[in-house]
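Engineer: Let me give you the structure first, and then I'll get to my questions.
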Amino acid sequence: MLPVDALFRYSTAVGAIVVDAIQLVLVLVIARKLPFRETFALRRPPSWSRAAAIGVVTIVLAYTVAYLEERLFPDLLREQGIPVYWDGVRAAAWLANLFAIAVFAPLFEESLFRGLGFSLLAPLGVPVAVFVTAVLFTLAHGVIADFPVILVTGLGLGYMRATTGSLFPCIAFHISFNGLGMIASALAAFH
């Protein structure tokens, strides 16, 4: 579990970016002999509105699961390290973490799970690729209490990848999901 003030530390952002950059390089090395555009689904989706609808349903389901978890287990601690307070003195470090978590991490994670991972598992069937990448995505987050929420999000992202045939909506959704979560938490801390 992260320290309570982890997102107000530059070291958290730098560490996350360095680790994700190294892992992204490894993903690219693994995929080096595969057709790049096809493996990473680097094409325009046939319908951005369809992708957006999948994203909305995914957000609603993820937040519904989070709400139900909090109702069933009121003492449950969230594990994603989002602070419930605001430290304006360290706002610049928070912005660095916003970039690391809401931009850089989604680029790496989507390249790994809905890009390379999905492409490697698709020959086993699309449902297998969606499910296995969602489970691996969730396990990679190293959570227990947040497992259901992240699993629902991973399933939604996998379905989005399968339906649109593109990684771009997955990246856009993941950036929005992480960014809005951090910003909403920061705004809630002002009250």
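Engineer: Just to be sure before I move on: is Val27 surrounded by 13 or more Cβ atoms within 10 Å (Cβ to Cβ) and under 20 Å from Gly142 (Cα atoms) in the structure I sent?
Structural biologist: Yes; evaluated as a whole, the condition is true for this residue.
Engineer: Looking at (1) of a type in the set (Gly, Ala, Ser); (2) modelled with pLDDT of 95 or more; (3) over 22 Å from Phe118 (Cβ atoms), which one does Ala41 not meet, given that it meets all the others?
Structural biologist: Looking at each condition in turn, Ala41 falls short on (3).
Engineer: While we're on this one: What number goes with the only condition from (1) within 23 Å of Gly158 (Cα to Cα); (2) surrounded by fewer than 16 Cβ atoms within 10 Å (Cβ to Cβ) that Gly88 does not pass?
Structural biologist: In the conditions (1) within 23 Å of Gly158 (Cα to Cα); (2) surrounded by fewer than 16 Cβ atoms within 10 Å (Cβ to Cβ), Gly88 misses (1) alone.
Engineer: Something else now. Could you run through segment 2-23 and say how many residues are part of a loop (DSSP other than H, G, I, E, B) and surrounded by 13 or more Cβ atoms within 10 Å (Cβ to Cβ)?
Structural biologist: Total satisfying the criteria: 3.
Engineer: Given the options Ser11, Ser47, Ser111, name the one that is over 17 Å from the mean Cα position of the chain (by Cα), of a type in the set (Ser, Thr, Tyr), within 22 Å of His141 (Cβ to Cβ) and modelled with pLDDT of 95 or more.
Structural biologist: Ser11
Engineer: So Leu180 ticks every box in (1) at pLDDT below 95; (2) buried (at least 16 other Cβ atoms within 10 Å of the Cβ) but one. Which box is left unticked?
Structural biologist: Answer for Leu180: the failing condition is (2).
Engineer: Can you pull out every residue in segment 81-91 that is touching a residue at least 40 places away in the same chain (Cβ under 8 Å) and in a helix (DSSP H, G or I)?
Structural biologist: Hit for segment 81-91 is Arg90, nothing else.
Engineer: Which of the residues belonging to segment 24-74 are part of a loop (DSSP other than H, G, I, E, B) and more than 16 Å from Pro169 (Cβ to Cβ)?
Structural biologist: If the condition is that a residue be part of a loop (DSSP other than H, G, I, E, B) and more than 16 Å from Pro169 (Cβ to Cβ), then Ala31, Arg32, Lys33, Leu34, Pro35, Phe73, Pro74 are the ones that fit.
The values are calculated or read from the model by the stated rules, or taken from the named source; none is laboratory data. Treat the numbers as computed from the prediction; the structure is a model and nothing was measured. Glycine gets a Cβ as well: all are built from the backbone with ideal geometry, and neighbour counts include every protein chain shown.
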